[in-house]
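Input: a single structure, listed below in structure tokens.
The values are calculated or read from the model by the stated rules, or taken from the named source; none is laboratory data. Keep in mind that this is a model prediction, so the values were computed, not measured. We place every Cβ from the backbone using ideal geometry, glycine too, and count neighbours over all the protein chains shown. Only protein heavy atoms, including side chains, enter the accessible area calculation; ligands, DNA and RNA are left aside. Shrake-Rupley method; radii C 1.70, N 1.55, O 1.52, S 1.80 Å.
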Amino acid sequence: MSVELLALPDAQAVATAVAERVCQAQLAELRKPLGLATGRTMEPVYAALRLQLGLLKPQEQQAIRDGWLSFNLDEYVGLAADDPRSFAAFMADQLQRPLGLRADQVRLPDGLAADPQAEAHRYATALAAAGGLGLQLLGLGGNGHVGFNEPPCAAQAPCRCLELSPATRAQNAGAFGGDAGAVPARAITLGLVEILAAERILLVVTGAAKAGILRRVLEEPPHDNLPASWLKGHPAVTVIADAAALAG
Ligand code: GLP
């Protein structure tokens, strides 16, 4: 079991490298939907992507706009798409509006669905109908989650609604005025099933705060208590990390 590891000096170099891969993927004629993530790690990635896409020839930019279809990993239960703390709002700010995409080209689970479990099923069905994921971008949670697949999590876990851990709510409190109690208690996330079915996976990890968990992911055999470790069973996964994240 081996993982390709691309070690780069800093978060900017990581962002540039990830954006280059996304650009290449989006220029491929026959491509599956793009899998996207939210979080602080992705902000410089999406800034680099906006920049690089803006440098392409006008007809290439148009082709990417016309053919864009992405599915995000997750969304909080209870937040409307226009709530600034929702992942839908993050994606609208970071990519959908700046790139001139229609809202239905940048898909996320509906956080306001009356039945979140049924919404998870609907979302997974829509993804499957679109052909499943091509390139999947992933960040790494401080507790080893990917998407919102909280530990413990089996490799067979499907798209679902689940309870967020206190650690994750604390990690994501920044967008909620620093109050972990204000972070929604539940989320809808693609499962490891849908993630591991992607053609290619990029796990993007930056910053010293992720060094300990990244080392565990790289060193430990796959197990339920470290959901990201299941990625090592995928045939085409690349970990792109900066020096700070690799210093653990
Ligand atoms: C969040 C998201 C993940 C994200 C991860 C890391 O909870 N659900 O998709 O990749 O945790 O977040 P950050 O990049 O802010 O450290």
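Some notes on this structure:
- Residue among L218, L112, P158 farthest towards the positive dipole end of the chain, charges placed on Cβ: L218
- Rolling a 1.4 Å probe over the protein heavy atoms gives the chain an accessible area of 43 Å² per residue.
- Rounded is the label for the range 77-208, because the ratio a/c of its alpha-carbon gyration tensor axes (a ≥ b ≥ c) stays below 1.5.
- Contour minus Cα-Cα distance for R215 and A47 (0.36 nm per residue): 57.8 nm
- Accessible area of the chain belonging to carbon and sulfur atoms, whole % at 1.4 Å probe: 55
- Using the Karplus relation 6.51 cos²θ - 1.76 cosθ + 1.60 with θ = phi - 60°, the per-residue 3J(HN,Hα) values for the range 185-200 come to 7, 10, 8, 9, 9, 4, x, 5, 4, 5, 5, 6, 7, 5, 5, 9 Hz, with x marking Gly and Pro.
- Relative contact order of the chain: 26 percent, from C-alpha pairs under 8 Å at least 6 residues apart in sequence.
- Gyration tensor verdict on the range 3-242 (Cα atoms; rounded if a/c is under 1.5, prolate if a/b is larger than b/c, oblate otherwise): rounded
- Taking a Cβ cut-off of under 12 Å around Q94, the surrounding Lys, Arg, Asp and Glu residues balance to a net charge of +1, with basic ones at +1 and acidic ones at -1.
- Simple spin-label estimate for L112 and Q61 gives 3.3 nm between the two label positions (7 Å along the Cα-to-Cβ direction from each Cα).
- Annotation: extensible slack from D179 through R31 equals 49.2 nm (criterion: 0.36 nm per residue apart, minus Cα-Cα distance).
- Cα-based shape type of the range 16-109, given that a ≥ b ≥ c are square roots of the gyration tensor eigenvalues and the cut on a/c is 1.5: prolate
- Helical segments meeting 20 Å axial Cα length and Kyte-Doolittle 0.0 threshold in the chain (DSSP H): 11-27
- Difference of contour (0.36 nm per residue) and Cα-Cα distance, S2 to R186: 62.9 nm
- Its Cα centre serving as origin, the range 3-242 has a Cβ charge dipole (Lys and Arg +1, Asp and Glu -1) of approximately 280 debye.
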